[in-house]
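Working notes, structure below.
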Amino acid sequence: PWFDTTKWEPNTGHGQIRYTYDFPADPTFASLALTELRSHEFVSKNTRQFTIAMTIYNNALPMLLFFKLSFSISPTGEFKQIFKIEAMNVLEYMEPWYWFQAILEIFACLWTLQKIFKYFRRIYRSVRKFGLYRGLVAYFSDVTILLDWSILIMVIVWFSQWVGLLLDNSRDIDLDTKRYVDLEDAAHHFHTYNTLFNAILCVSLMQLVKYTGLDDRMALLTHSVWESLNNLLPFLALFCFMLFTFSLIGHLL
């Protein structure tokens, strides 16, 4: 009931105005609370979105889990549901060998800084030799350079997400608390962190292709694909067009 500010105080967190109600942990009292919300028209025909969110603790791993289930109803009666679930560590350094993990992270950070300095020095040499525009074009014309820079950018963002998780105090909670614990922001950062980590691994795997040129037998496949690229590009465009059409038909059905 976004229009009713006399009964509930709005919350403007997470980029939208909404009202929050902390349900009791006991199922019997939660059912009575839901009945009370219906009687006070918190949940009524005018409700456009209803979200159930909770934080769960798994003592066996141990892990925290943020659960969110949203139901949206448009004025014309269209019904949509959004389900999100994200597991995350209670702390970043939990294992007895945390010091080894920290050493590897410091090494990765120093390696990234060394790579950035090295690439900027190459850009400076190229610009000094060919001028600003031609130097940048000459430097970034190599596909492997673009892959290297994409990895560096993702690593920097990945480290920023890691620092954000380290400085985040939202997971510092009392397990016996009866109040609602909002871990939506922490779950979003953790999801971004995991996505970047897997993307870095994927691009790093693509980088290994350039080392196949060290041996003629290993380079047979890559050379064959490179030589037939002129014939593969039109086929790829047609294939993607047909795939998109069938995907659209499947989505509409």
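In table form, for the structure just shown:
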{"quantity": "Greater than 25 Å apart at Cα, pairs in Lys45/Lys178; Lys80/Lys178; Lys84/Lys178", "calculated": "Lys45/Lys178; Lys80/Lys178"}
{"quantity": "Carbon plus sulfur fraction of accessible area for the chain, probe 1.4 Å, in percent", "calculated": "66"}
{"quantity": "For region 30-150: relative contact order, % (alpha-carbon pairs under 8 angstrom, 6 or more apart)", "calculated": "12"}
{"quantity": "Region 55-206, accessible area per residue, ligands and nucleic acids excluded (1.4 Å, Å²)", "calculated": "69"}
{"quantity": "Paramagnetic reach from Ile82 (point 7 Å along Cα→Cβ, amide N under 18 Å) across region 171-194", "calculated": "182-192"}
{"quantity": "Qualifying lysines (Cα of each under 27 Å from Cα of Lys210; at least 8 residues distant if same chain)", "calculated": "Lys115, Lys118, Lys129"}
{"quantity": "Debye, to nearest 20: dipole size of the chain, +1 on Lys, Arg Cβ, -1 on Asp, Glu Cβ", "calculated": "1220"}
{"quantity": "Mean Cα-pair separation over length for the chain, i.e. relative contact order, pairs under 8 Å, 6 or more apart, %", "calculated": "13"}
{"quantity": "Cα-based helix-to-principal-axis angle, 98-130 vs the chain, degrees rounded to 10", "calculated": "50"}
{"quantity": "Approximate shape of the chain as ellipsoid semi-axes (Cα gyration tensor, √5λ), whole Å, largest first", "calculated": "48, 28, 19"}
{"quantity": "His40, His188, His251, reordered so the largest accessible area comes first (probe 1.4 Å)", "calculated": "His251, His188, His40"}
{"quantity": "Radius of gyration and maximum dimension Dmax of region 71-200, Cα, Å", "calculated": "21.6, 67"}
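The values are calculated or read from the model by the stated rules, or taken from the named source; none is laboratory data. Just so you know, these numbers come straight off a predicted model, no measurement behind them. When we count neighbours, we look across all protein chains shown, and the Cβ atoms used for this are built from the backbone with ideal geometry, even at glycine. We work out accessible area using only protein heavy atoms, side chains counted, and drop any ligands, DNA or RNA first. Shrake-Rupley method; radii C 1.70, N 1.55, O 1.52, S 1.80 Å.
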